[in-house]
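Accompanying notes for the structure given below.
Where a number appears in this text, it was derived from the coordinates with a stated rule and is not lab data. Not measured: the values here are computed from a predicted model. Here the Cβ positions follow ideal geometry from the backbone for every residue, glycine too, while neighbour counts run over all protein chains shown.
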Amino acid sequence: MDKDQGFLKRAGELVAAGCELHAQGWVPATSGNFSARVDDKSIAITVSGRHKGRLTSDDIMLIDYEGQSLDGKKPSAETALHTQIYKHFPNANVVLHPHSPAATAISRKLNSRLVLENYELLKALAGIKTHAIKVGIPIFQNDQDIPRLAEEVAAYIKEYPDLKGYLIAGHGFYTWGETADDALRHVEALEFLFDQELRSLRISAP
């Protein structure tokens, strides 16, 4: 597969992901951003400010692993949060960042970390074979200084290399997978689990 074919394949996957996530109401307006590893020198990523439910291949661009545009288009402001995932996780080939309702709400309710435990659906996350496990999902404060936020996330990843995803307060979440289907499965599973945690908080509230 040559570079153009590789890019077009990845672009098609991101367009399809946008349609699926928008249909669920998880990327409202122009929120969210997606990317996919093309090869060892380039990454396909959504162009800044595009509606994710109406993406075409023209709304996907190429960047290098330092986040620099390779085709003159403007990448998402959060590009550094994508590139660091590819650098830290060799098996990550697709990164999805939705602004889904439960993720956004739970990230505003808790301070620094959400622990998911004893859910059967945890087995939908790559590498997890049992419900009897604790999965930590860190919550980072939203920051318009993306390089600073990226450094904070990178430090956490180094300490917790089994990370499955993370939340940004009032913003949404990031997760990834070896394939587009894996990443979409992680989004769906995590959003369900965030919703269950949110429901539990409401039930336990005085």
Inset, instruction - Counting other Cβ atoms within 10 Å, keep those with at most 12, restrict to DSSP loop, and tell me which chymotrypsin sites (Phe, Trp or Tyr not before Pro) in segment 86-141 are left. - result: none
Inset, instruction - Work out the length of the dipole vector of the chain about its Cα centre, built from +1 on the beta-carbon of each Lys and Arg and -1 on the beta-carbon of each Asp and Glu, and round it to the nearest 20 debye. - result: 460 debye
Legend entry - Beta bridges per DSSP with both ends in the chain, % antiparallel, nearest 5: 95 percent
Inset, instruction - May I ask you to list the trypsin sites (Lys or Arg not before Pro) in segment 47-141 that are in a DSSP loop and have at most 14 other Cβ atoms within 10 Å of their Cβ? - result: K129
Inset, instruction - With label points built 7 Å along Cα→Cβ from the Cα atoms of E159 and N142, find their separation and express it in nm. - result: 2.4 nm
Legend entry - Helix-only CD estimate at 222 nm, as mean residue ellipticity for the chain, using -39500 (n - 2.57) per DSSP H run (n ≥ 4): -12500 deg cm²/dmol
Inset, instruction - Set Lys and Arg Cβ to +1 and Asp and Glu Cβ to -1, take the dipole of the chain about its Cα centre, and tell me which of Q68, G18, S35 lies farthest positive. - result: G18
Legend entry - 3J(HN,Hα) from dihedral phi, segment 115-131, Karplus parametrisation 6.51/-1.76/1.60, rounded to Hz, x for glycine, proline: 10, 9, 9, 6, 9, 4, 5, 4, 6, 6, 8, 3, x, 9, 10, 9, 6
Inset, instruction - Under a cut-off of 23 Å between alpha-carbon atoms, report the lysines in cross-link reach of K134, not counting same-chain residues fewer than 8 places apart. - result: K109, K123, K158, K164
